[in-house]
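> One structure, pasted below without further comment.
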Amino acid sequence: MKRGDARTLTACAGVLALVGFTACERGPAPVAPVLTPTQALATFRLAPGYSIELVAAEPLVHDPVAVDFDADGRMYVVEMSGFMPNVSGTGEQVPDGKIVVLEDTDHNGTMDRRTVFLDSLVLPRTVAVLEHGVLVGAPPFLWLVRDTTGDLRADSRVVVRGDYGSTDANPEHNANGALWGLDNWLHSANDTRELRLRADGTFESRAIPSLGQWGVSSDEYGRLYRNSNEDPLRTDLVPAHYGAREGAASPGRGVYAALTANVPVFPSHKTPAVNRGYREKTLRADSTLAHYTSAGSPTAYVGDRYPVAMRHSVFVTESAGNLVGQFTVADSSGAPITARRAQDSTDFLTSTDERFRPVSLANAPDGTLYVVDMYRGIIQHRTYITDYLEEKIRERGLETPPGHGRIYRIVYDSTGRGAPPRLSAMSSTQLVATLAHANGWWRMTAQRLLVERRDTLAAPAVHALLRHTDARVRLHALWTLDGLGMLDAATVMSALADASPHVRAAAVRLAEPWIARDDATIRAAAVALAQDSAVLVRRQLAASLVVFPEARRLAVASMMLRDGVSDIVVADLMAHAAGPRALTLLTPVIARAAAGNRDDSAVVEALAAQVARSADGAHTTAALAWTGEGARRRSLQVALLSGLTRGATGLRTPVELATRPASLLALTRSNDTALAAAARRLEARLHWAGKPAPAVTARTLTEAETARIAVGRDEFGKICAACHQANGAGLPGVAASLVGSAYVNGAPSRLIRIVLQGKDGTMLMPPIGATMSDERIASILSFIRREWGNRADPIDAAAVKEVRGATTGRHRAWTVEELANVR
C-alpha cells in the first residue's frame, strides 16, 4: 500500500486485527495474529511515490530466505523450512528444505506455478542460477545442480565444495551468497573462499577473509556490500582477496570498511519482541526498536524503474523491526565513499505486522526491488534467544504457525515494470548489445552468459563497446573480454587512461598479469596513476603492489611515500605489499616525519604494524628505538606504539626480541599516562631473555589438553570468530576482546557461566552454551585461555558439567556484579 494509505479489506478485519482479534472472530487471539497476504498489504507504509505488490505467497512458497532469477526471469527460491520450528529449535536438522522454481505463466506480475527443483535439504541458504547449472548451498556442501531434461527438476548433482560452512555452525553465521560479480568471481558472505567458473565447467577458488553475515550485493561499478546485525553497511574499498594476508588474523583496512555507524530505525509499531529489548538503548520509551539489531541483505539498487537518484541507494533489511531501511551512498571521484540514511525520521518500508520478516532483497529482471518475507514469529536463532525474548515470543503467540512466506515487489507509481527477459535464447550478438541495457540485472546476466558460453567470436563486438559513453558499459566490456580470455595489452593500456576512475581502477587490476611479468610499458602506465585524482584508483594501485616483482614493489612504494600518503587505506595496503621488508620503508618515513616536514602518522602506524606482524625480532627492535620518550614527536610515538601493538596482537605468540627494549620500558613509566598505557600494551606482546615472568605462568599442557585445544580452535572459528574475530580482538560495540580478558584468564566458573547463561551490561554476551555439550564448551574455552598470549589453564568437561548443574534453572544473563561475587 502507499504511504499513508490505511485501507483494509473490511472494517471488521482491520479494526479487530489491531486490537488482537482475527477478522470477525469471537474471543481473544494472539497479540500478533497471522494475516492473509491481502491483509498484510494494508499494513505497509512506504516512502512517497512507492507502493508494494504481492508476487507470491503460501501455499506457493514457504519460509523463503533467498531468491535468484534465471536468464528468462523464472525465480528460484530457497525455502529454509527447518529454521527454528519452535522456540527451542528442536527438529532443525529435518531435511525439509527445498529449492523451488516460481513462474508467472500469464505475465500478470504474480507467480502462479510452483515446481520443486530440489528437496530433502537441511537448512539450505544459497541459490545462484548459472547456464552451467544451479549452485545450491546447504552446509557443508555447495553443489552444482542440473536439470538435464528441461522439466525444472534437478536430476544431476556435483559437489563443488565440501567446506561451504559447517553443519555445527549457527545458521546465523554460515556461508551464503554466491553472487556473480562484475569481475566474474562468485562472492559470498560468511565464507572464506571465492569461486570462478573455468572454461571446462569446473571452479577455481581463492581465499578471502570471512566477511559479513547474511547477504552480499554489488553496485553498478562492481563494489561489494555486506553487513551484520548492529553494523548496517560495509563495503570493500578494494576487492576482498587482497585482505587474505598470509599470517594475518584480520583483513586490512581497505576490506569490509564501515560506511556508517549504527543509526536509528523507525518501526511503525511497538516492537517489544526483539532480543535484549530489556536493555535501555535497544528500545525507545515508546517500545519501538531504536537502531539496527538484525541488519542483513545489503542490496545496491541497479534497476531502471525507479528515479535516477535511486542508483545511489543501498537497501538494508531489519527483520526484527519489520522494516527495510535505505542508505544513500556518495561516491565522488576524488573523495572516499560515504553513506547516510535516506530518510530523517522514517524508513523506506515499514509494516505494523509483527510477522513481516524481510530477510532478503533482490534486484529483479523487471527493474524493481523484490522483498523476501519469511513471514513468521521467530526470527532469532535459539543460540541467541534470551529469556526476555522467549517470554515475548510466547506472550505474543509468535511460536506458531510456521510454514508461511511472501515475496513482494516495490514499484514506483509513475513507472511501469519492465518486459520479461528472454536472454537464454539470445545470440552472442544480442547479448553484447544487452551489455548496454539500462537495467543492471540485464547487463550482468548478459555478461555472465557470454563468459559462460566462451564465444570468443563475440570479442570484436565487445571491443566496440569500449568506446561507449557510459562508463558502466565500458566496465562490462572490459570484464567480459577478461572472462572470454580475449583481453589484450593494448586494451589494458587504453583503459588505464580512461576518463572514468572506475574504469581506471579496474584497468589497474586487470593489468596485474602483465605487471607480474614485468611488462615495462604497462607497469609504467599503472605506476603513473600513483597520483591519480581519484582515491579509488590510488587504492587499487596500492593493492596491486603485491603482484609487482619484489624489487619493483619496494621501489614503487618508496616513490609513493616520497610523494606523500594521507590515506590510511593506501598506507595499509603498501605496508602489506612490503611484507617482511616493511622496515625498509619505515626508516625514511620516520626520518622525514621526525624532521617535521609533514604528519605521516597514518603511514608510520601501518608500516609499524607490518614490522611487528612479520615477527622479526631485529626489525621490531629497530622500530622500538624510535619510541623513546623525548626522542620523537608525540604523534609519531603514538603511531609507532599503536602500529606495533596492532601487528603483534594478531600473532599467536609474543614477538621474541634479542635484547631488553630499554626505550619502550622507560616509556611505560612516562608521566604521559596515555603514552605509558600504550607502551604497556605493547610490552605485553613482546618477550626477551630475562623478562620477568608474568603473574600467571603457563604450565605445560598434557596430551589430552593439547588435543582439546586443537578441537577448540576449530570450534571457535565456527561459532565465535564472527563476533570476537579470528585474532580475539572483538568488534567495537558488538563483542568484547578476549586478549588479556580478566574473564577469560580468571576463574573458570565465571567464564563457564557467561557461556551458559550469558553476560549483561555494556558489552553483553548471549547465552550460547545451553545447547552445546560440556566437552564442546570446554574445548572452546580451553582454546581461548591459551591463545593470543592468554596463559590460563585449560578447562575440562567436568568443570562445565559442575557449573551447569549448579546453575540449573537460571534463565537470566549474569550481571557484572553477580559475576564478581562468584567464587
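The values are calculated or read from the model by the stated rules, or taken from the named source; none is laboratory data. Note that the structure is predicted; figures quoted are calculated from it, not measured. Virtual Cβ from ideal backbone geometry, glycine too; neighbours counted across all protein chains shown. These area figures cover heavy atoms from the full protein model, side chains too; ligands, DNA and RNA do not enter into them. Shrake-Rupley method; radii C 1.70, N 1.55, O 1.52, S 1.80 Å.
> Just how much of T192 is accessible, in Å², when a 1.4 Å probe is used and the result is rounded to the nearest 10?
70 Å²
> Related question: Radius of gyration and Dmax for the range 716-823's Cα atoms, expressed in Å?
That works out to 12.7, 35 Å for Rg and Dmax.
> Here is a further query. Quickly work out the A285-to-T148 label distance, labels modelled 7 Å from Cα along the C-beta direction, and quote it in nm with one decimal.
That separation, rounded to one decimal, is 6.8 nm.
> Something else now. If I histogram all Cα-Cα distances within the range 640-719 using bins 10 Å wide from 0, what percent of pairs lands in each bin?
15, 36, 29, 16, 3
> So if we plug the beta-carbon distance of T521 and K691 into 1/(1 + (r/R0)^6) with R0 = 60 Å, what FRET efficiency do we get, rounded to 0.05?
Efficiency computed from Cβ-Cβ geometry: 0.65.
> Using a Förster distance of 56 Å, how high is the FRET efficiency between T771 and A330, based on the Cβ-Cβ distance and rounded to 0.05?
After rounding, the FRET efficiency stands at 0.80.
> Given a 1.4 Å probe and heavy atoms of the protein chains only, how would you sort W185, W514, largest accessible area at the top?
Solvent-accessible surface, decreasing: W514, W185.
> Using all C-alpha to C-alpha distances in the range 146-304, build P(r) with 5 Å bins and read off the rounded percent in each one.
2, 8, 14, 16, 16, 14, 11, 8, 6, 3, 1, 0
> Another question, then. Report Rg(Cα)/(2.2 N^0.38 Å) for the range 242-376, keeping two decimals. Kindly include the intermediate steps, with their values, before the conclusion.
Numbers: Rg = 16.6 Å, N = 135, 2.2 N^0.38 = 14.2 Å.
After normalising by residue count via 2.2 N^0.38 Å, the value is 1.17.
> Can you give me the convex hull volume of the Cα atoms of the range 387-508, divided per residue and expressed in Å³?
225 Å³
> Can you tell me the equivalent ellipsoid semi-axes for the range 498-591? Use √(5λ) from the Cα gyration tensor, largest first, whole Å.
So the equivalent ellipsoid measures 21, 16, 10 Å along its semi-axes.
> Further, regarding this structure: Between A594 and M763, with labels modelled 7 Å along Cα→Cβ, what's the label distance in nm to one decimal, could you check?
It is 3.5 nm.
> Under the 0.36 nm per residue contour assumption, what length would be gained going from the current alpha-carbon distance of D672 and H132 to full extension? Walk me through the intermediate numbers first.
Details: separation 540, 0.36 × 540 = 194.40 nm, distance 6.39 nm.
Here the segment from D672 to H132 would lengthen by 188.0 nm.
> If packing is taken as the average number of other Cβ atoms within 10 Å across a peptide's residues, how do 525-533, 650-658 rank, most packed first?
Values: 525-533: 18.1, 650-658: 16.4.
Output ranking for 525-533, 650-658: 525-533, 650-658.
> With just the Cα atoms of the range 78-143, tell me how far they stretch along each of the three principal axes, in Å, largest first.
For the range 78-143, the Cα spread along each principal axis is 42, 28, 14 Å.
> Amide H neighbours of A735 under 5 Å, at least 5 residues apart or on other chains, H built in the peptide plane: list them.
none
> Continuing with this model, one more query. At 1.4 Å probe size, with the rest of the protein present, what percent of the exposed accessible area of the range 459-609 is carbon and sulfur atoms? Walk me through the numbers on the way to the answer.
Numbers: 2910 of 5270 Å².
Its accessible area is 55 percent carbon and sulfur atoms.
> Now a separate question. Cut-off under 30 Å on the C-alpha distance; same-chain residues fewer than 8 positions from K691 excluded. Which lysines are left, in chain and number order?
none
> Counting only Cα, what are the radius of gyration and maximum Cα-Cα distance Dmax of the chain, in Å?
Rg and Dmax of the chain, Cα atoms, are 27.7, 83 Å.
> Rg over Rh of the range 407-469, using C-alpha atoms and the Kirkwood radius, what does it come to?
Radius of gyration relative to Kirkwood radius: 1.06.
> Can you tell me the FRET efficiency between A742 and S156 if r is taken as the Cβ-Cβ distance and R0 is 45 Å, rounded to the nearest 0.05?
That gives a FRET efficiency of 0.20.
> If the viscosity is 0.890 mPa s and the temperature 25 °C, what translational diffusion coefficient in µm²/s does Stokes-Einstein give for the range 462-541 when Rh comes from Kirkwood over Cα pairs?
198 µm²/s
> When only alpha-carbon atoms count, how far does the range 25-85 stretch along each of its three principal axes, as whole angstroms with the largest first?
The Cα atoms of the range 25-85 stretch 50, 37, 17 Å along their principal axes.
> Which of the peptides 101-107, 491-497 is most tightly packed, and how do the rest follow, judged by the mean count of other Cβ atoms within 10 Å per residue? List each step's numbers first, then the result.
Numbers: 101-107: 14.7, 491-497: 19.9.
Most protected by this proxy first, the peptides run 491-497, 101-107.
> On the protein heavy atoms, probe 1.4 angstrom, tell me the percent of accessible surface of the range 710-763 carried by carbon and sulfur.
Roughly 62 percent, rounded to a whole number.
> So, one more: Work out which helices of the chain, taken as complete DSSP H runs, extend at least 30 Å along their axis over the Cα atoms and score a mean Kyte-Doolittle of -1.0 or more, then list them.
Helices meeting the criterion: none.
> D714: accessible area at probe 1.4 Å, nearest 10 Å²?
80 Å²
> Using the structure shown, list the pairs from K718/K759; K98/K281; K759/K801; K281/K392; K270/K759; K392/K759 with a Cα-Cα distance above 29 Å, or answer none.
Working: K718/K759 21 Å; K98/K281 38 Å; K759/K801 19 Å; K281/K392 18 Å; K270/K759 26 Å; K392/K759 20 Å.
The pairs that break the limit, which is 29 Å between Cα atoms, are K98/K281.
> Further, regarding this structure: Can you list the equivalent-ellipsoid semi-axes of the range 565-685, largest first and in whole Å, using the square root of 5 times each Cα gyration tensor eigenvalue?
On the way: eigenvalues 76, 62, 29 Å².
So the equivalent ellipsoid measures 20, 18, 12 Å along its semi-axes.
> So how do Y256, Y242 rank on accessible area, 1.4 Å probe, biggest first, that is with the largest at the start? Before the final figure, lay out the partial values.
Details: Y256 40, Y242 15 Å².
Sorted by accessible area, descending: Y256, Y242.
> So what's the Cα pair-distance distribution over the range 733-772, bin width 10 Å, in %?
Cα pair-distance distribution for the range 733-772, in percent: 30, 60, 10.
> Sticking with this structure for a sec: Tell me, what is the Rg over Rh of the range 467-506, with Rh the Kirkwood radius over Cα pairs? Don't skip to the answer; put the middle values down first.
Details: Rg = 9.3 Å, Rh = 10.0 Å.
Here Rg/Rh amounts to 0.92.
> What accessible area per residue, rounded to a whole number of Å², is obtained for the range 508-666 using a probe radius of 1.4 Å?
Accessible area per residue: 37 Å².
> Could you rank E802, E818, E391 by how accessible they are, 1.4 Å probe, largest area first?
So, going from the largest accessible area down, we get E802, E391, E818.
> Starting from the Kirkwood Rh over alpha-carbon pairs, what translational D in µm² s⁻¹ does the range 232-314 have by Stokes-Einstein at 10 °C and 1.306 mPa s? Spell out each step's value before the answer.
Values: Rh = 15.8 Å.
Reported coefficient: 101 µm²/s.
> Multiply the residue gap between A820 and T429 by 0.36 nm, knock off their C-alpha separation, and tell me the result in nm, one decimal place.
Extra length available between A820 and T429 comes to 133.6 nm.
> For H811 and T338 in the same chain, what is the full-extension length gain: residue separation times 0.36 nm, less their Cα-Cα distance, in nm?
Stretched fully, the H811-T338 segment lengthens by 166.1 nm.
> Among 672-683, 319-330, what's the highest-first ranking by average C-beta atoms within 10 angstrom per residue?
So the peptides 672-683, 319-330, ranked by packing, come out 319-330, 672-683.
> Per-residue accessible area for S294 at 1.4 Å probe radius, Å² rounded to 10?
In the full protein context, S294 sits at about 30 Å².
> For the chain, what does the helix formula give at 222 nm: sum of -39500 (n - 2.57) over DSSP H segments with n ≥ 4, over the residue count, nearest 500 deg cm²/dmol?
-9000 deg cm²/dmol
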